[in-house]
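This report refers to the structure that appears directly beneath it.
A short reminder: the numbers here are calculations on the coordinates, not readings from a lab. Since the model is a prediction, treat every value here as computed from it, not as a measurement. Counting neighbours? That spans all protein chains shown, and the Cβs are built from the backbone with ideal geometry, glycine included.
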Amino acid sequence: MPQVPNRHPTLWIKSARSRSLQGKTIVLAVTGSIAAVRIVELARELIRRGADVHAVMSEASTWIINPMALHYATGNEVITAITGKVEHVEFFGNMGRADLLLIAPATANTIGKITAGIDDTPVTTFATTAIGSGKAVMVVPAMHEDMYRHPGVVENIEKLKGWGISFVGPRLEEGIAKIAVNDEIVLEVERATGSRSLQGKKLLITSGSTAELVDPIRILTNRASGKTGVELAMEAYRRGAQVTIVHRSRLGIASINEIHAESAGQMTNAVLEELEKGCDVLVSAAAIGDYTLDAAKTKIKSEGELTLFLRPTRKLIKEARKSHPELRIIGFKAETGIVEEELIRRARKTLEGSGLDMIVANDVSSKGMGTDENCVYIIDPGREDHTRISGPKGMIAAALMDRITLMLSAGEEH
């Protein structure tokens with residue numbers, strides 16, 4: 001990559017992963033928790049998604065991490081004191097240029113001072129200014145669990161939440177209220193600064209493979225990894241939706257509701273039960289097994305040939321459409337070893353036969369299952385053309401959420 005004049009070398013990674021934070025200015029405020037050692041990589045993850053990141057540090061945090069490390073990580077000079085430049089007003093006054101104050105890690109001490117409006121560190125001064133001007137503030141706590149459970153700390157956190165300040169984490173492990181993982185922090189930042197185009201919408205997404213028991217040890221399954229479903233869930237959440245994902249895996253993001261379903265029957269039952277609670281869109285991205293069987297109660301001995309009697313599984317989309325005729329349903333169609341025209345033809349047949357509102361088709365012969373990239377075709381009912389998208393599954397998820405947003409907007413207009 002050619003060098004850019006007057007640009008810090010660390011910024012060469014800018015937007016390397018995505019453009020979800022393109023044009024956003026984030027002030028990363030660091031306090032005196034040992035979790036401050038995690039912040040260099042957090043800053044770089046924000047930059048990889050397009051953000052401009054500036055760091056402000058309390059004196060206590062400089063005992064743990066040198067400001068030079070955050071200068072390197074952000075590509076910008078680090079603020080360790082309020083000067084005649086009135087940095088807090090520059091970024092978070094009424095005409096300030098920052099989009100979010102991200103306090104990570106936040107100690108019990110700092111949380112208490114912010115609640116009381118005490119400004120004795122650059123971080124608390126930034127917080128008072130941002131809260132007073134109505135700018136977005138996000139807090140990522142990190143402290144010993146005993147401190148986190150102190151009634152005063154609990155009260156302070158609830159008070160800040162009442163002011164509209166969002167919290168990420170912590171993870172309660174080993175007697176410590178640990179800082180949230182970077183992926184979760186970044187996702188919450190993307191949601192807080194994003195378009196909110198799916199605000200107030202409920203999306204239910206199925207993902208990955210299902211598995212049918214042969215015996216207590218063996219299963220019948222397929223190669224679907226669930227990467228597309230996870231990307232869809234995260235993209236919907238970034239845009240403000242309330243998201244539930246039904247799968248065999250574990251995403252581990254507190255704000256996304258997860259339902260574990262092992263077999264095709266369990267997945268179908270879980271989806272139908274969840275739909276009764278209300279849903280705007282069902283995205284059926286899982287590769288649900290077509291056959292099941294009666295499992296042996298004990299391990300089948302490995303002796304010679306084995307015959308299994310398979311029977312068809314229930315069809316999730318068919319049952320969902322029957323019980324919820326007005327529900328928006330997005331289906332997926334996977335084929336192997338066929339030309340594009342035949343893939344599109346078969347997908348259209350499924351689209352029309354199942355009463356879908358949209359279908360995503362792909363040939364998984366070479367890529368798609370288990371890979372990070374894919375090539376898909378998005379097909380709408382009543383239209384002769386289709387859209388081809390090839391690239392990372394995150395990009396495909398974003399394109400599909402664009403289409404879902406337009407579909408829901410058009411429905412509201414009518």
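Some values worked out for this structure:
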{"item": "3J(HN,Hα) from dihedral phi, segment 382-397, Karplus parametrisation 6.51/-1.76/1.60, rounded to Hz, x for glycine, proline", "result": "x, 10, 7, 8, 8, 10, 9, 10, 10, x, x, 5, x, 5, 5, 4"}
{"item": "The chain, helix-only ellipticity at 222 nm - DSSP H runs n ≥ 4, -39,500 (n - 2.57), divided by all residues, nearest 500", "result": "-10000 deg cm²/dmol"}
{"item": "Helix axis angle, 340-353 relative to the chain longest principal axis, alpha carbon, degrees", "result": "90 degrees"}
{"item": "Karplus 3J(HN,Hα) series, Hz, for segment 243-251 with 6.51 cos²θ - 1.76 cosθ + 1.60 (x for Gly, Pro)", "result": "10, 10, 10, 10, 6, 8, 8, 9, 7"}
{"item": "Virtual paramagnetic centre 7 Å along Cα→Cβ of ALA295, amide N under 18 Å, in segment 248-280", "result": "248-250, 260-270"}
{"item": "Cα gyration tensor shape for segment 201-278, rounded if a/c is under 1.5, else prolate or oblate", "result": "prolate"}
{"item": "Proxy reagent accessibility, fewest Cβ within 10 Å first, across TRP63, TRP12", "result": "TRP63, TRP12"}
{"item": "Efficiency of FRET from Cβ geometry, VAL339 and LEU172, R₀ 60 Å, rounded to 0.05", "result": "0.65"}
{"item": "The chain: angle of helix 39-48 to the longest principal axis, Cα-based, in degrees nearest 10", "result": "60 degrees"}
{"item": "Long-range amide H partners of HIS144 with built H, under 5 Å", "result": "ALA177"}
{"item": "Alpha carbon centroid spacing (whole Å) that separates segment 72-107 from segment 133-170", "result": "20 Å"}
{"item": "Whole-angstrom Cα spans of segment 1-123 along principal axes, big to small", "result": "47, 33, 26"}
{"item": "Förster radius 51 Å - calculated FRET efficiency between THR350 and TRP163 (Cβ-Cβ, nearest 0.05)", "result": "0.55"}
{"item": "Order of PHE332, PHE309 under a 10 Å beta carbon neighbour criterion, fewest first", "result": "PHE309, PHE332"}
